[in-house]
């Protein structure tokens with residue numbers, strides 16, 4: 001009987017972990033993101049917002065709210081690269097070029113997102 005309840009407990013925990021990691025969010029300067037600063041991106045639950053849209057010249061700041069380190073690294077490897085961002089630390093990037101920039105975390109292959117910079 002104890003084994004049955006333990007298996008249910010483990011399955012429930014794994015389900016919660018899976019669904020919390022698979023959430024995606026979209027933020028833009030027109031209304032999403034952090035209520036205090038729409039150009040602030042929270043890294044949370046092993047995820048970035050799926051897409052963030054900002055105006056050219058904006059400074060975007062990613063803050064790591066997870067208990068493990070992450071990176072914010074452009075897929076082209078040259079546009080931006082935060083290096084390791086520890087828990088509670090931030091990385092800022094000024095978006096001076098219009099375009100769409102795919103990025104990822106070097107430590108966690110499932111963490112992917114896009115920064116869209118508009119006029």
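Looking only at residues in the range 41-68 that are assigned to a loop (DSSP other than H, G, I, E, B), in contact (Cβ under 8 Å) with a residue 24 or more places away in the chain and touching a strand residue (DSSP E or B) at 6+ places or on another chain (Cβ under 6 Å), which one is nearest to residue 89 (Cα to Cα)? Steps first, answer last, please.
Initially, the range 41-68 is screened for residues assigned to a loop (DSSP other than H, G, I, E, B), giving 45-46, 48-50, 56-58, 65-68.
Keeping just the survivors that are in contact (Cβ under 8 Å) with a residue 24 or more places away in the chain gives 45-46, 48-50, 56-58, 68.
When the remaining residues are screened for being touching a strand residue (DSSP E or B) at 6+ places or on another chain (Cβ under 6 Å), the result is 48-50, 56.
Working: 48: 15, 49: 17, 50: 21, 56: 24 Å.
Selected residue: 48.
For the range 47-61, indicate whether the set of residues that are farther than 21 Å from residue 37 by Cα, at pLDDT 95 or above and within 12 Å of the chain's Cα centre (by Cα) is non-empty.
So far as the range 47-61 goes, no, none of its residues is farther than 21 Å from residue 37 by Cα, at pLDDT 95 or above and within 12 Å of the chain's Cα centre (by Cα).
Out of the residues in the range 80-113 that are assigned to a loop (DSSP other than H, G, I, E, B) and free of Cβ contacts under 8 Å to residues at least 24 places away in the same chain, which is surrounded by the fewest Cβ atoms within 10 Å (Cβ to Cβ)? Walk me through it before giving the result.
We begin by selecting, within the range 80-113, every residue assigned to a loop (DSSP other than H, G, I, E, B); these are 80, 82-84, 86-89, 95-98, 105-111.
After this cut, where a residue has to be free of Cβ contacts under 8 Å to residues at least 24 places away in the same chain as well, the list is 80, 82-84, 86-87, 109.
Numbers: 80: 19, 82: 20, 83: 10, 84: 12, 86: 11, 87: 13, 109: 8.
Here the residue is 109.
Hey, could you check the range 69-79 for residues that are outside any strand (DSSP E or B) and in contact with a strand residue (DSSP E or B) (Cβ under 9 Å, 6 or more places away or on another chain) and say which is surrounded by the most Cβ atoms within 10 Å (Cβ to Cβ)?
Narrowing the range 69-79 to residues outside any strand (DSSP E or B): 69, 71-72, 75-79.
Filter once more, so that each one left must be in contact with a strand residue (DSSP E or B) (Cβ under 9 Å, 6 or more places away or on another chain): 69, 71-72, 75-76, 79.
Working: 69: 16, 71: 20, 72: 27, 75: 12, 76: 11, 79: 16.
Among them, the one singled out is 72.
The values are calculated or read from the model by the stated rules, or taken from the named source; none is laboratory data. Given the structure is predicted, the values throughout are model-derived calculations rather than measurements. Every residue, glycine as well, gets a Cβ built from its backbone with ideal geometry; the counts of neighbours run over all protein chains shown.
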